[in-house]
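A short write-up of the structure that comes next.
The values are calculated or read from the model by the stated rules, or taken from the named source; none is laboratory data. Source: prediction; values computed, not measured. A quick note on method: Cβ atoms are made from the backbone with ideal geometry, for glycine too, and the neighbour counts reach across all protein chains shown.
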Amino acid sequence: LFTFNCKDIILQEMAGTSFEKAEVKINQTKLKENGALLITHWGLSGPAILRLSAWGAKDLAKLNYSFDLQVNWIGQKSSEVQSLFLSLKKDFPNKQISNIYFSFNLNKRFWNKILVLAQLDSQITMAQLSNKNINLLIEILTNYSLKINGKSTFKDEFVTCGGVELKEVDFKTMQSKIVPNLYFVGEVLDIDAITGGFNFQAAWSGAFILSEHLRKGISEE
């Protein structure tokens with residue numbers, strides 16, 4: 001499990017900003033996750049990112065951790081967001097666009113950053129918002145592209161993947177199916193999941209199975 005490094009302008013000075021229902025996907029793969037997203041000082045973290053890194057660890061390693069990440073900050077379809085904009089424009093024509101951030105469950109700082117990226121004056125009203133403006137805001141909100149250029153350092157990772165292939169191990173004894181009297185337990189096996197607890201349990205269970213196997217062997221002798 002690891003977090004993503006990114007220096008995109010939309011993230012600058014936004015560390016600590018979180019999104020409850022974001023959607024993230026990696027263009028070069030079929031990887032996609034939904035959930036909470038967190039902007040950090042170095043890029044992105046949060047459950048959605050950690051799950052994405054867990055399921056895609058090997059694919060991302062092949063990409064040398066350099067890839068394009070598409071982010072839907074609010075987790076809504078573009079058509080839904082368009083309908084919301086049109087409703088706001090109709091019902092609140094005199095409301096300044098700087099004050100509609102709560103409609104998208106965003107904090108005001110991040111919404112203001114979006115307005116800057118869209119080159120919109122925060123003082124204009126909903127009535128002054130053109131269809132072109134709305135389409136650009138929808139694109140930023142639901143389909144923003146980030147260039148990821150690395151991952152968190154090794155010491156900050158929670159789980160590592162890779163190791164001896166599981167099909168090569170007899171899990172009744174933890175013995176290699178290829179080399180007699182060679183046993184594997186713990187991190188040397190290719191076992192990982194979305195939290196470190198799975199690795200702990202696999203290590204404990206494997207150690208118990210192996211110790212019981214060895215104990216029985218000694219008793220029989």
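Just one of the listed residues (Ile100, Ile138, Ile148, Ile134) is touching a residue at least 24 places away in the same chain (Cβ under 8 Å), among the β-branched types (Val, Ile, Thr) and within 30 Å of Phe198 (Cα to Cα), and it is Ile148.
Kindly evaluate Ile97 against the criterion of being more than 26 Å from the chain's Cα centre (by Cα) and surrounded by 14 or more Cβ atoms within 10 Å (Cβ to Cβ). Yes, satisfied. One residue alone among Ser66, Ser122 is among the hydroxyl-bearing types (Ser, Thr, Tyr), surrounded by fewer than 16 Cβ atoms within 10 Å (Cβ to Cβ) and under 22 Å from Asn27 (Cα atoms), and that residue is Ser66. Of all the criteria given as (1) buried (at least 16 other Cβ atoms within 10 Å of the Cβ); (2) assigned to a helix (DSSP H, G or I); (3) among the aromatic types (Phe, Trp, Tyr); (4) under 24 Å from the mean Cα position of the chain (by Cα), the one not satisfied by Phe102 is (1).
Of the residues screened, Gln119 is not one that is among the polar types (S, T, N, Q), modelled with pLDDT of 95 or more, under 30 Å from Gly162 (Cα atoms) and in the same structural domain as Phe4 (by TED's automatic domain parsing).
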